[in-house]
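Asker: Sharing a structure below in structure tokens format, with a few things to ask.
The values are calculated or read from the model by the stated rules, or taken from the named source; none is laboratory data. Just so it is clear, the model here is predicted, and its values are computed rather than measured. Quick reminder, even Gly has a Cβ in these numbers, built from the backbone with ideal geometry, and neighbours come from all protein chains shown.
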Amino acid sequence: MLGLMQEHPLLVSSILRHAARHHAGAKIVSVDPEGAATRGTWPEVEHGAKRLAQALARLGVRRGDRVATMSWNSRAHLEVYYAVSGMGAVLHTVNPRLFADQIAYILADAEDVVLFVDPSVLPAVQAVANLLPPSLRAVVLMGPAPRPDLPVPVLDQAALTAAEDGDYAWPLLEERAASSLCYTSGTTGMPKGVLYSHRSTVLHAMSAIQPDVFALAARDVAMPVVPMFHVNAWSIPYASAMAGSSLVLPGPKLDPASLFKLFEEEQVTFSAGVPTIWTMLLAWLRADPARKFTAPPRLVVGGTALPVAITAGFLREYGIPILHAWGMTELSPLGALNSRKAETADWDEARWLDYSRKQGRPPFGVDFRILDAQGQPIARDEVAFGELEVQGHWVAASYFNHPNDPAFSADGWFSTGDVVTEDALGAVEIVDRAKDVIKSGGEWISSITLENLALAHPDVALAAAIGVHHPKWDERPLLLVVKKPGTSPTPESILAVLEGKIAKWWMPDRVEFVETLPMTATGKLWKAELKRQFKDYRLEG
């Protein structure tokens, strides 16, 4: 017997239609590269998206065609988001910070037919002008700019939509149809595409607005600092529309002063970004005691682990809570979050802050399994290591154009490549990437743990731990440190910070000071490049 309920496909266009019809009073603030803000509403965004969908149809864009963007967080970008997916084409967000060969590769791999470009990132397009794929029919400028010399027609977004009236009905699509395409950061080898569906995107947004996740409500003012080219800005363009929240799109200026100005002027209540953003903001706030929030916002951090000292600084000095979340491109991206539950509700501040270092537990819609090297479940004792595997409603089943990748198991699990521990409450803590674990004498050493402990030294700006060759133990830890300006830490003082906090055999064999550490295009330590640089480094037996 089947239930007697209505069935409607879960579509991205239905999210925008809901926001336009029921939350017309919410504001959409968009900041240009010069810092000037323009204001709009959800109904105006939907009207603009419909006009753009009409224009793209006249350009010959059809269902299933990939339409790429290289842009910051702006209203123009938001309208492309909804127009492309809403009409049945596939939104392909491209990170302009990627290396030129990576950009050329993913444009070709996706076979994009149109590329929308913010004028401020035109140099990234011009760098691959001779490598643009034959599928590309046009480049569309998302703001005023001189026409670049490219081998395809260059159009203007405003002019493109000027002749359209917005009298457009969103088509009724199959909810499993592709809605957007994002590529992994590609720290080893070329990036791989993850093809999201309308169904997965809507379900992911429904999860994101839940109280234990982003807790978005119609009265909120959300500001995604995470870029819209980074896993769909962690779903905030969709989740804010679904909740009816106001939305502040900060553009490319993400320095602490610019962000603080927006927090105050727009009364932002919620924001999300990577650790670098919040670390810089805290340092900027501390530099002047007069810098205080009139209404402390809620913050979410993801991408990499945030040191507990930063979480504690925001909470104790400014009354700002930070929610630690974890995810991946393959997970749309939300996979875990560390919010309080029944067992931790009465913990005092100190105990909770210490626990906040963990990535947390999965929300409904995602499930975990953690297997050791023998393929067996690990003990939930916070000591045993295992590789995290995930399945769920918004988890990839395979990569775009790579159907047989070994990361996806025959029984329906995705292997994340993250090595984790799990506690009795079900919270996981990432201790390393599988490829970055230091294997010493048949045992594992967490490079992330060593790095986080080293960062507690007052004179350490950045730290990276890698395994280097050892004649007896195969690998031993080498700790690479960037000093803070004007300081002179010693190797001994840094190792002293680690004393008593790790097993003796985990202690790095050597500390080397370096001027810089290589970073990926998404702001993470580029361990593959570090290992290449130090491949000939040798330790004595």
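Asker: Scan region 75-102 residue by residue and report those that are modelled with pLDDT under 95 and in a helix (DSSP H, G or I).
Answerer: Those that are modelled with pLDDT under 95 and in a helix (DSSP H, G or I): A100, D101, Q102.
Asker: So, of the residues in region 423-439 that are assigned to a strand (DSSP E or B), out of contact with any Pro (no Cβ under 9 Å at 6 or more places or on another chain) and within 20 Å of G327 (Cβ to Cβ), which turns out to be modelled with the highest pLDDT?
Answerer: E429
Asker: Identify all residues within region 113-154 that are within 20 Å of V90 (Cα to Cα) and assigned to a loop (DSSP other than H, G, I, E, B); write none if there are none.
Answerer: Residues satisfying the conditions are V113, D118, L132, P133, P134, S135, L136, R137, M142.
Asker: Going through region 394-426 one residue at a time, which ones are within 20 Å of the chain's Cα centre (by Cα) and closer than 30 Å to D509 by Cα?
Answerer: T416, G417, D418, V419, V420 - these are the residues of region 394-426 that are within 20 Å of the chain's Cα centre (by Cα) and closer than 30 Å to D509 by Cα.
Asker: Could you figure out which of (1) part of a helix (DSSP H, G or I); (2) surrounded by 19 or more Cβ atoms within 10 Å (Cβ to Cβ) isn't true of A272?
Answerer: Result: A272 passes all but (1).
Asker: Please go through (1) closer than 21 Å to V274 by Cα; (2) assigned to a strand (DSSP E or B) for N452 and return the number of the only condition it doesn't satisfy.
Answerer: Checking N452 against (1) closer than 21 Å to V274 by Cα; (2) assigned to a strand (DSSP E or B), the one that fails is (2).
Asker: Being more than 17 Å from F314 (Cβ to Cβ), assigned to a loop (DSSP other than H, G, I, E, B) and without any contact (Cβ under 8 Å) to a residue 60 or more places away in the chain is the filter here; which residues of region 334-368 pass it?
Answerer: Correct list: A345, D346, W347, D348, P362.
Asker: Which one of A424, A454, A461 is surrounded by fewer than 19 Cβ atoms within 10 Å (Cβ to Cβ), within 28 Å of I370 (Cβ to Cβ), without any contact (Cβ under 8 Å) to a residue 60 or more places away in the chain and among the small types (G, A, S)?
Answerer: A424
Asker: Looking for whichever is crowded, with 19+ Cβ neighbours inside 10 Å, in contact with a strand residue (DSSP E or B) (Cβ under 9 Å, 6 or more places away or on another chain) and over 25 Å from R63 (Cα atoms) here; the options are V231, V194, V221. Which one fits?
Answerer: So the residue among V231, V194, V221 that is crowded, with 19+ Cβ neighbours inside 10 Å, in contact with a strand residue (DSSP E or B) (Cβ under 9 Å, 6 or more places away or on another chain) and over 25 Å from R63 (Cα atoms) is V221.
Asker: If G523 passes every condition in (1) more than 31 Å from the chain's Cα centre (by Cα); (2) surrounded by 14 or more Cβ atoms within 10 Å (Cβ to Cβ); (3) not hydrophobic (A, V, I, L, M, F, W, C) but one, which one does it miss?
Answerer: Condition not satisfied by G523: (1).
Asker: Out of L56, L52, I need the residue that is surrounded by 21 or more Cβ atoms within 10 Å (Cβ to Cβ), aliphatic (A, V, I, L, M) and touching a strand residue (DSSP E or B) at 6+ places or on another chain (Cβ under 8 Å). Which one?
Answerer: Answer to the selection: L56.
Asker: Answer yes or no as to whether D212 is surrounded by fewer than 23 Cβ atoms within 10 Å (Cβ to Cβ), in contact (Cβ under 8 Å) with a residue 60 or more places away in the chain and not assigned by TED's automatic domain parsing to the domain that holds E79.
Answerer: No: the conditions fail for D212.
Asker: Tell me which of these P237 doesn't satisfy, since it passes every other one: (1) surrounded by fewer than 20 Cβ atoms within 10 Å (Cβ to Cβ); (2) touching a helix residue (DSSP H, G or I) at 6+ places or on another chain (Cβ under 6 Å); (3) assigned to a helix (DSSP H, G or I); (4) of a type outside the set (A, V, I, L, M).
Answerer: Status for P237: all satisfied but (1).
Asker: Here is a follow-up. Restricting attention to region 293-302, does a residue exist that is of a type in the set (S, T, Y), closer than 24 Å to A336 by Cα and free of Cβ contacts under 8 Å to residues at least 60 places away in the same chain?
Answerer: For region 293-302, residues of a type in the set (S, T, Y), closer than 24 Å to A336 by Cα and free of Cβ contacts under 8 Å to residues at least 60 places away in the same chain: absent.
Asker: Inside region 145-173, can you point out the residues that are among the charged types (D, E, K, R) and either at pLDDT 95 or above or touching a His at 6+ places or on another chain (Cβ under 8 Å) (or both)?
Answerer: Correct list: D156, E164, D165, D167.
Asker: State all residues of region 374-390 that are in a loop (DSSP other than H, G, I, E, B), surrounded by 12 or more Cβ atoms within 10 Å (Cβ to Cβ) and acidic (D, E); if no residue qualifies, say none.
Answerer: Hit for region 374-390 is E382, nothing else.
Asker: I would also like to ask the following. Could you tell me how many of the residues in region 383-395 are acidic (D, E) and modelled with pLDDT under 95?
Answerer: Of the residues in that region, 1 qualify.
Asker: Tell me, which residue of region 427-444 that is more than 20 Å from the chain's Cα centre (by Cα) and farther than 17 Å from L530 by Cβ is surrounded by the fewest Cβ atoms within 10 Å (Cβ to Cβ)?
Answerer: The qualifying residue surrounded by the fewest Cβ atoms within 10 Å (Cβ to Cβ) is G442.
Asker: Answer with yes or no whether I466 is among the β-branched types (V, I, T), within 26 Å of the chain's Cα centre (by Cα), closer than 24 Å to T279 by Cβ and crowded, with 18+ Cβ neighbours inside 10 Å.
Answerer: Taking the combined requirement at face value, the residue satisfies it.
Asker: Separate question: Between a first residue in region 476-504 that is farther than 18 Å from A461 by Cβ and a second residue that is assigned to a helix (DSSP H, G or I) and at pLDDT below 95, which pairs have beta carbons less than 9 Å apart while being 6 or more apart in sequence or on different chains?
Answerer: P477/S447; P477/L450; P477/W506; K501/T449; K501/L453; I502/T449; I502/L450; I502/L453
Asker: Within region 482-495, track down each residue that is surrounded by 11 or more Cβ atoms within 10 Å (Cβ to Cβ) and more than 15 Å from T449 (Cα to Cα).
Answerer: V482, K483, K484, T487, P489, T490, P491, S493
Asker: So which residues in region 520-541 are part of a loop (DSSP other than H, G, I, E, B) and over 30 Å from I103 (Cα atoms), if there are any at all?
Answerer: Within region 520-541, D536, Y537, L539, E540, G541 meet the criteria.
Asker: Within region 400-421, restricting attention to residues that are surrounded by fewer than 21 Cβ atoms within 10 Å (Cβ to Cβ), part of a strand (DSSP E or B) and touching a Lys or Arg at 6+ places or on another chain (Cβ under 8 Å), which residue is modelled with the highest pLDDT?
Answerer: Within region 400-421, the match that is modelled with the highest pLDDT is F400.
Asker: Go through region 497-519 and count every residue that is surrounded by fewer than 10 Cβ atoms within 10 Å (Cβ to Cβ), in a loop (DSSP other than H, G, I, E, B) and either not β-branched (V, I, T) or not assigned by TED's automatic domain parsing to the domain that holds A461 (or both).
Answerer: 3
Asker: Look at region 5-56 and say how many of its residues are modelled with pLDDT under 95 and under 24 Å from the mean Cα position of the chain (by Cα).
Answerer: Total satisfying the criteria: 3.
Asker: Also, quick follow-up: Go through (1) surrounded by fewer than 20 Cβ atoms within 10 Å (Cβ to Cβ); (2) in a loop (DSSP other than H, G, I, E, B) one by one and return the number of the condition R39 breaks.
Answerer: Looking at each condition in turn, R39 falls short on (2).
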